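Below is one structure, written out as structure tokens; comments come after it.
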Amino acid sequence: MFRIRPTCSVCNKTIEKNEPIYVHMRYPAYRGIVEIKAFLQQEGKIICEDCFQQKMKKE
């Protein structure tokens, strides 16, 4: 649980440290202090920059 490796939800590529990512998620309805990496993993869909750029070219 503590060593969750973030992966792209489109291509399943492992996200490396300091790599730019995009996160698709809803604005949270609650307030509070959270550990950001765990929050993004649980509440959002992580998309690597390459997959995001390919999606933008299609549109």
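The values are calculated or read from the model by the stated rules, or taken from the named source; none is laboratory data. This is a predicted model, so every value here is computed, not measured. For neighbour counting, all protein chains shown are included, and Cβ atoms are generated from backbone atoms with ideal geometry for every residue, glycine included.
Couple of notes before you dig in:
- Selected residue (criterion: modelled with the highest pLDDT) from residues of segment 6-59 that are loosely packed, with under 10 Cβ neighbours inside 10 Å and of a type in the set (Val, Ile, Thr): Ile36
- Within segment 17-53, the set of residues being of a type in the set (Val, Ile, Thr) and either part of a strand (DSSP E or B) or in contact with a Gly (Cβ under 8 Å, 6 or more places away or on another chain) (or both) comprises Ile21, Val23, Ile46, Ile47.
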